[in-house]
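The values are calculated or read from the model by the stated rules, or taken from the named source; none is laboratory data. Everything numeric in this text was worked out from a predicted model, so none of it was measured. Positions of Cβ are generated from backbone atoms using ideal geometry, with glycine treated the same way; all protein chains shown enter the neighbour counts.
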Amino acid sequence: MVLVRRTIAALALFAAAVSTGCSAPADGMARGEFLYKNCVQCHGTDGKGSDLVKAPQIAGLPAWYVSAQLQKFRGGLRGAHPDDVAGLKMRPMSRTIKSSADVDLVAKYVESLPHDKVPATLAAGDAAKGKDAFATCAACHGPDGAGNEALKAPPIRQLQDWYVVTQLGKFKSKVRGYSTDDVQGTQMAGIAGGIADETAMADLAAYIQTLPAK
């Protein structure tokens with residue numbers, strides 16, 4: 001826990017240095033790109049993420065979803081659970097963005113980044129079994145995993161397989177989706193609660209890997 005706190009403190013200090021180190025553009029995509037510099041240390045300049053630091057690929061995620069998640073981190077609806085190590089890192093980073101307008105600009109910049117199909121990293125996982133289970137996911141995320149803005153369901157087809165398993169585990173244990181004010185989170189927590197175990201989660205992740213990224 002001490003190491004986690006030190007890491008969070010170091011990230012916050014880095015973010016403060018970046019945010020105050022030079023004059024930021026006043027508005028538009030250029031400002032979004034400038035503010036995104038706080039995200040680079042984990043998610044990379046291209047938004048492709050890092051397996052090493054457990055940062056997911058965020059490039060190409062829709063702005064409405066990125067904005068919503070940043071606001072949840074800022075407000076404590078996500079990333080405040082003591083067992084969510086990655087979330088506890090994200091929350092102070094999200095709070096370096098000082099206004100909702102800036103949150104939206106960062107989100108639009110992230111959306112503009114091209115994304116790739118990420119390689120499989122998990123040895124376990126039966127895609128055939130995952131395909132059957134994915135029918136539940138398809139109701140919101142779509143049969144192709146492309147997401148559905150009307151249902152506030154993000155695209156999931158370009159996510160790393162380890163991230164899919166990690167997030168399903170967090171939802172199942174209420175490490176994510178713990179707040180009743182997080183409507184989509186609590187819905188997902190209920191759905192994840194019906195997944196038998198991590199093997200079944202790996203099967204789902206393996207099937208999602210078969211979906212085209214675009």
Close pairs (6 angstrom Cβ cut-off, 6 or more residues apart or separate chains): of a type in the set (S, T, N, Q) and surrounded by fewer than 21 Cβ atoms within 10 Å (Cβ to Cβ) in region 50-70, part of a helix (DSSP H, G or I) and modelled with pLDDT of 95 or more anywhere: SER67/VAL103; SER67/ASP104; SER67/ALA107
Check on PRO154, under 22 Å from PHE73 (Cα atoms) and either in contact with a strand residue (DSSP E or B) (Cβ under 6 Å, 6 or more places away or on another chain) or in contact (Cβ under 8 Å) with a residue 12 or more places away in the chain (or both): yes
Selection from region 44-91 of residues that are within 14 Å of ASP182 (Cβ to Cβ) and either in contact with a Phe, Trp or Tyr (Cβ under 6 Å, 6 or more places away or on another chain) or assigned to a loop (DSSP other than H, G, I, E, B) (or both): GLY76, LEU77, ARG78, GLY79, ALA80, HIS81, ASP84, ARG91
Hits in region 96-119 - residues which are surrounded by 16 or more Cβ atoms within 10 Å (Cβ to Cβ) and over 16 Å from the mean Cα position of the chain (by Cα): THR96, ILE97, ASP102, LEU105
Region 173-214, residues that are farther than 13 Å from CYS137 by Cβ and among the aromatic types (Phe, Trp, Tyr): TYR178
Filter result (among the β-branched types (Val, Ile, Thr) and not assigned by TED's automatic domain parsing to the domain that holds ILE195) within region 111-141: VAL118, THR121
